[in-house]
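Before any comments, here is the structure.
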Amino acid sequence: MDSVMENIGTWATPLLLLPGVALLILSTSMRYGQIHAEFHEMDHDKAGISPQSLKKLVTRARFFRNALVSLYVSFGLFSLASLIGGLASAWMVQIETFVMVLSCLGILGLIFAAGTLVREASLSLDVIRDHADILLKKWS
């Protein structure tokens, strides 16, 4: 039992990251859903569509998909690292290195997702500017 308590940091640390990753998944998937709504809106209002806006919207959707896949993989890696670490501690097997490698891979996934979301946010501003230009031309 002492071995389990000594190694708790190894397998519990990835578990502590899961709520944060889950919140990122939630917010990213909600924003991804908004992309779908924008596509449907553009389909009904064909006059306000510019090819550039449509292309940027598709790129944003790809960024969201990449970020979501990366977040899901990170979530899985952190979960797997904690499971393996917990089982190893219970069976008194020393595999901290493997758990740390899985945790580091999960963190790399989070970094990739964060970078992708930054790129998407920048592109989102471009789409908003394109829509604003179209509206200004209609109102002029």
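Among the residues that make up the stretch 112-135, is at least one of them crowded, with 21+ Cβ neighbours inside 10 Å, within 26 Å of the chain's Cα centre (by Cα), among the small types (Gly, Ala, Ser) and assigned to a helix (DSSP H, G or I)?
yes
From Ser74, Ser103, Ser89, grab the single residue that is buried (at least 19 other Cβ atoms within 10 Å of the Cβ), at pLDDT 85 or above and either of a type in the set (A, V, I, L, M) or under 19 Å from Leu17 (Cβ atoms) (or both).
Ser74
For the stretch 52-97, enumerate the residues that are within 10 Å of the chain's Cα centre (by Cα) and not hydrophobic (A, V, I, L, M, F, W, C).
Arg65, Asn66, Ser70, Tyr72, Ser74
Every residue, every condition in (1) within 30 Å of Trp11 (Cβ to Cβ); (2) modelled with pLDDT of 85 or more; (3) of a type in the set (A, V, I, L, M, F, W, C), yes or no:
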site: Asp43; (1), (2), (3): no, no, no
site: Lys55; (1), (2), (3): no, no, no
site: Val58; (1), (2), (3): no, no, yes
site: Phe78; (1), (2), (3): yes, yes, yes
site: Phe112; (1), (2), (3): yes, yes, yes
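Residues are listed down the side, and each one gets a yes or a no for (1) free of Cβ contacts under 8 Å to residues at least 40 places away in the same chain; (2) not aromatic (Phe, Trp, Tyr):
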residue	(1), (2)
Thr28	no, yes
Gly33	yes, yes
Ala37	yes, yes
Ser53	no, yes
Lys56	no, yes
Phe63	no, no
Ile84	no, yes
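The values are calculated or read from the model by the stated rules, or taken from the named source; none is laboratory data. On a predicted model such as this, the values are computed, not experimentally measured, just so you know. Here the Cβ is made from the backbone with ideal geometry for all residues, glycine too, and neighbour counts use every protein chain on show.
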